[in-house]
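The values are calculated or read from the model by the stated rules, or taken from the named source; none is laboratory data. Given the structure is predicted, the values throughout are model-derived calculations rather than measurements. No Cβ is skipped: glycine too gets one built from the backbone with ideal geometry, and neighbour counts run over all protein chains shown.
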Amino acid sequence: MIISRRRLAVVAAAALLLAGCGEPSAGGPGGSAPPNSFVLYSGRSEELIGPLVKQFTEETGIEVQARYGSTTEMAAQLMEEGTRSPAQVFLSQDAGALGAVADAGLLSTLPAEVTGKVDPRYTSTDGSWVGLTGRARVIVYDSQELRSNQVPDEVGPLIEPEWKGRVGIAPTNASFQAFVTALRLTEGEAAAEQWLTALKANAVQTYEGNGDILEAVNTGALDVGLVNHYYWFEAAAEQGAGRLRAQMKFGKPGSASALVNVTGAGILRGQEQNAAAQRFVAWLVGEQAQRYFVTETYEYSLIPGATGPEGAPALADLRGPDIDLSDLASLEQTVALLQKVGLV
Amino acid sequence: MSNPSVESPAAGRPGTRPPAWLVALAAPVTAICAIPLVYLAVRAFSGGPAALERWLFRSRTLELTGRTLLLTAVVVVGCLLLGTATAWAITRISLPASRLWPVLAALPLAVPSYVSAFAWLATWPAINGLAPLALIMILACTPYVTLPVAAALRMSDARIDDVARLLGAGRRRLFTTVTLPHIAPAAAVGGLLAALYTIADFGAPAMLRYQVLTYAIRASYLVSFDRQAAAALAVVLVLIAVVLTMAERQARRGVAGRQVAVRARRPGLRRVSRPQTALVAAGLSLVAAASVALPLVALLRRLWLGTGSDPDWGRLLASSASTLGLGVGAALVTAVLALPLAALVAHYPGRLAGALEGVAYLGHGLPGIVVGLSLVFFTLAVTPALYQTALALIFAYTVLFLPKSLGASRSALQAVSPGLAPVARTLGRSRPVAFVSVTARLAWPGIAAGALLVMVTAMKELPATLMLRPIGSNTLATELWDRTAVARYGAAAPYAVALVVVAALPAWLLSDRSGRAEP
């Protein structure tokens, strides 16, 4: 015991010493950001948003205190915090989360010159948030099992017997739900329900997220999957495009399969006067940030006339269905449908 | 839980009224653990029965509850068998490199189940469903059983075995009539911790695509940002936790809590034949390879395959340091807070102690997202100035992991003769002073083991850490998440390896106080 107690003491002392060095200096209690700085709640990871925030600080001198988390948890946290939230800006991975936070009365109205920069199809209808980037729905497939012309560019045929057990979806994922909403609105409620029921009967494989589906296709565990295009580009950037088994097929122009999901940002209610926060959101739809999104995260810029990521069809050519992705009432109907067919 | 064999002046007999000061210290501890439960009640029942109906009373909830129960049953049985066998092997059989095996047996604690799940999938992409998930969870949770059972085996009195043998008991009879009752309370606590971990886990079941209740809880946040629905589903988990806690108590009851005799003869190591020794060593190595080596190798392979740049050593060091610091902080605060409740349960068993202990365990079966949100709610309501500070995060770890410390401290305190503290009091010490200077001091190894268990678990915690960490600071778990969230598994690998290495520290210390024979 004597030896082990000494051992324990040494480790504990070293830990406390290390922790003393490692403790961050930033971060005070709620809402006390010093002037010329603001608090950002980012529902997208630091790997993607960190470099952008750094560019903003270098250019403007404004310090950004950023908290990173996953969009869903962060939206729930914002709603739990209510008016006591330390955050000034919420950056979200999907429109539904922004819609939920706005619906709870927690977002302020953005200036028209900010929201006006973006194609009105891809931003909020009431100015409570602004669309920042777009992600196209694609069908990824295992290129060692399938040739491009064997893969449909629409989801309709995936309920045929030849695809039994070979298709992967992420039914709890916001982007899949947005796609189902698009399906409901373009094909009608009955057709959407019929397709989902048939898909489930066809032994569809359910995954937690887009990344898991891509990983499964890329390792040969799954033949085709419904994801957003940018996950493929991310994987290509890390592993090399030539080494990927998974390849992409973009949706047929004009169909629900060509839906474009958006990410966006809003300013919290009561923080309208925060000049630093306002400047950040305006900067995000500016040229430099938009270029970053296109070249570094391989997403679509939503500014009319902007070029898309290299190797992807232009946004205008996709002609995705025009639906309000932050419309909670519509999202609720989608969820009810997914519950009814037993996918969530 | 009675101690009929002990002549004790006051404490130890059921029905003895506990001193007021102890109750006054213990009750707030239970209150702290009950914060998530209060939050759940507020959220689940605030909006009327509509959401409850929509999410709770449907066949899908029943189906997910069934799957949760099935998974839990398989994991608990697996952990009890593997954990007891491992504990027996490392404490009773003479093996070469005797100090290595206890460490290997504790090391799986350092590997988060979501990391193992990822590694297994990276190695065998096609696996999914109950069988591989249960295997991964069993490997991850077995140390919860191995550690307390090994400690109990090490503290057993060989003279009792001798008596049984004199009375003609064979080896098997000896095991079932003497050894098993002796280790049963320890095994039950370990099984309970494994079960609560299993019902609350989200990451590994999600990755292996076996849908359980935590899946539906997260789904209800995801699909409609409906905190009420999520709370309603979490209530089901609380009910399961109630049943599990009562089952554990049942397993403990009937088995007399035994004090460690001061002059007990510790059991010696049994020498077995060479092939048998090799077989035991191979089995222990196989388990360690599957639970620790495989995840590490799979991650390093991913790092090797990636085209990403070198890891950022500064970030790696900074997040390792804050992980370690938060872990030590959580361990100390939790162990101290758990002590009065553990003492109450150990020395004054009865209805009051039982109720306070039971409630303290219930929140342990809740997923991190629910506990995290409850603490967002609580901190902002009570001490908004501390919101998102290291202090509030450590408090969150205490709420999450106090039961881990409670079980170990309670067993250790039970093993100290309650007659000793009154002796100290005759020497003029006050009751609290006598408790700290005599009882707690003697129970120190168990209390420290509980603290280390809290430390190793807190280091791996993710959902509450994401919500409550000070802005701008990172732990190894959050850094790991940040990269896997965008499928940069290669870039995530160094953080995963660092997490396993840092968490191996408390795991190594834990093995030290459970497996090795006394010097």
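When we screen B:P506, B:P470 for residues that are at the interface with chain A (Cβ under 9 Å from one of its Cβ atoms), farther than 29 Å from A:Y230 by Cα, assigned to a helix (DSSP H, G or I) and touching a residue at least 24 places away in the same chain (Cβ under 8 Å), the only hit is B:P506. Here the range A:204-218 is the region considered, the condition is being at pLDDT 90 or above and assigned to a loop (DSSP other than H, G, I, E, B), and the residue that is nearest to A:R245 (Cα to Cα) is A:Y207.
If I filter the range A:229-259 down to residues being outside any helix (DSSP H, G or I) and out of contact with any Asp or Glu (no Cβ under 9 Å at 6 or more places or on another chain), which single residue comes out as farthest from the other protein chains (Cβ to nearest Cβ)? Going through the qualifying residues, I end up with A:G254. Just to verify a result, which residue in the range B:382-406, among those that are among the small types (G, A, S) and more than 9 Å from chain A (Cβ to nearest Cβ), is surrounded by the fewest Cβ atoms within 10 Å (Cβ to Cβ)? Checking each candidate, the answer is B:A392. Applying the condition of being in contact (Cβ under 8 Å) with a residue 24 or more places away in the chain and within 11 Å of another protein chain (Cβ to nearest Cβ) to the range B:118-128 and asking which residue is nearest to B:A204 (Cα to Cα) yields B:F118. Whenever a residue of the range A:34-53 is without any contact (Cβ under 8 Å) to a residue 12 or more places away in the chain, its partners that are assigned to a loop (DSSP other than H, G, I, E, B) and surrounded by fewer than 24 Cβ atoms within 10 Å (Cβ to Cβ), lying with C-beta atoms within less than 9 angstrom and at least six residues away or across chains, give the pairs A:E47/B:A485; A:E47/B:V486; A:E47/B:R488.
Listed by first and then second residue, the pairs with beta-carbon distance under 8 Å, at least 6 apart or on different chains, first residue in the range A:188-200 and crowded, with 16+ Cβ neighbours inside 10 Å, second small (G, A, S), are A:W195/A:G156; A:K200/A:G342.
From the list B:L222, B:L237, which residue is of a type outside the set (K, R), at pLDDT below 75, assigned to a helix (DSSP H, G or I) and closer than 30 Å to A:T172 by Cα? Don't jump to the end; show me each part of the working.
Working: B:L237 fails: at pLDDT below 75.
When all the criteria are applied, what remains is B:L222.
Across the range B:217-240, the number of residues qualifying as more than 20 Å from A:M74 (Cβ to Cβ) and surrounded by fewer than 24 Cβ atoms within 10 Å (Cβ to Cβ) comes to 5. Looking only at residues of the range A:275-330 that are more than 26 Å from A:Y41 (Cβ to Cβ) and acidic (D, E), we find that the one that is surrounded by the most Cβ atoms within 10 Å (Cβ to Cβ) is A:D322.
Can you find even one residue in the range B:110-128 that is crowded, with 23+ Cβ neighbours inside 10 Å and assigned to a loop (DSSP other than H, G, I, E, B)? Within the range B:110-128 (the criterion being crowded, with 23+ Cβ neighbours inside 10 Å and assigned to a loop (DSSP other than H, G, I, E, B)), the answer is yes, since at least one residue qualifies.
Against the conditions (1) touching a Ser or Thr at 6+ places or on another chain (Cβ under 9 Å); (2) among the aliphatic types (A, V, I, L, M); (3) in a loop (DSSP other than H, G, I, E, B), A:V262 satisfies every one except (3). Whether any residue in the range B:481-496 is polar (S, T, N, Q), in a helix (DSSP H, G or I) and more than 21 Å from the chain's Cα centre (by Cα) is what I want to check. Yes. When the range A:157-185 is examined, which residues are found to be surrounded by fewer than 17 Cβ atoms within 10 Å (Cβ to Cβ) and either under 19 Å from A:A221 (Cβ atoms) or touching a helix residue (DSSP H, G or I) at 6+ places or on another chain (Cβ under 8 Å) (or both)? Answer for the range A:157-185, where residues must be surrounded by fewer than 17 Cβ atoms within 10 Å (Cβ to Cβ) and either under 19 Å from A:A221 (Cβ atoms) or touching a helix residue (DSSP H, G or I) at 6+ places or on another chain (Cβ under 8 Å) (or both): A:P157, A:E162, A:K164, A:G165. Among the residues making up the range A:325-339, those that are more than 10 Å from chain B (Cβ to nearest Cβ) and in contact (Cβ under 8 Å) with a residue 40 or more places away in the chain are A:L325, A:S326, A:D327, A:S330, A:Q333, A:L337. Against the test of being more than 21 Å from B:R483 (Cα to Cα) and surrounded by fewer than 24 Cβ atoms within 10 Å (Cβ to Cβ), the options A:S108, A:S85, A:S128 yield a single qualifying residue, A:S108.
Here B:T465, B:T475, B:T439 are screened, and the one residue that is under 30 Å from B:L413 (Cβ atoms), more than 8 Å from chain A (Cβ to nearest Cβ), in contact (Cβ under 8 Å) with a residue 40 or more places away in the chain and of a type outside the set (A, V, I, L, M, F, W, C) is B:T439.
Residue by residue, here is whether (1) at pLDDT below 80; (2) surrounded by fewer than 20 Cβ atoms within 10 Å (Cβ to Cβ); (3) touching a Leu at 6+ places or on another chain (Cβ under 6 Å) holds:
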{"residue": "B:V38", "(1), (2), (3)": "no, yes, no"}
{"residue": "B:S46", "(1), (2), (3)": "yes, yes, no"}
{"residue": "B:R54", "(1), (2), (3)": "yes, yes, no"}
{"residue": "B:G66", "(1), (2), (3)": "no, yes, no"}
{"residue": "B:V74", "(1), (2), (3)": "no, yes, no"}
{"residue": "B:G78", "(1), (2), (3)": "no, yes, no"}
{"residue": "B:T84", "(1), (2), (3)": "no, no, no"}
{"residue": "B:T91", "(1), (2), (3)": "no, no, yes"}
{"residue": "B:S94", "(1), (2), (3)": "no, yes, yes"}
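Please find, within the range B:407-436, the residue that is surrounded by the fewest Cβ atoms within 10 Å (Cβ to Cβ) out of those that are in a loop (DSSP other than H, G, I, E, B) and in contact (Cβ under 8 Å) with a residue 40 or more places away in the chain. Filtering first and then ranking leaves B:G419. In the set (1) crowded, with 20+ Cβ neighbours inside 10 Å; (2) more than 21 Å from B:W508 (Cβ to Cβ); (3) β-branched (V, I, T), the condition left unmet by B:T334 is number (2). The helices (runs of 4 or more DSSP H) found wholly in the range B:264-375 and carrying at least 3 residues that are within 12 Å of chain A (Cβ to nearest Cβ) occupy B:294-305, B:313-347.
Can you find a residue in the range A:107-116 that is in a strand (DSSP E or B) and more than 11 Å from chain B (Cβ to nearest Cβ)? Quick ask: steps written out before the conclusion?
Initial filter on the range A:107-116 (in a strand (DSSP E or B)): A:107.
Then keep just the ones that are more than 11 Å from chain B (Cβ to nearest Cβ); that gives A:107.
The answer is yes, given that some residue of the range A:107-116 is in a strand (DSSP E or B) and more than 11 Å from chain B (Cβ to nearest Cβ).
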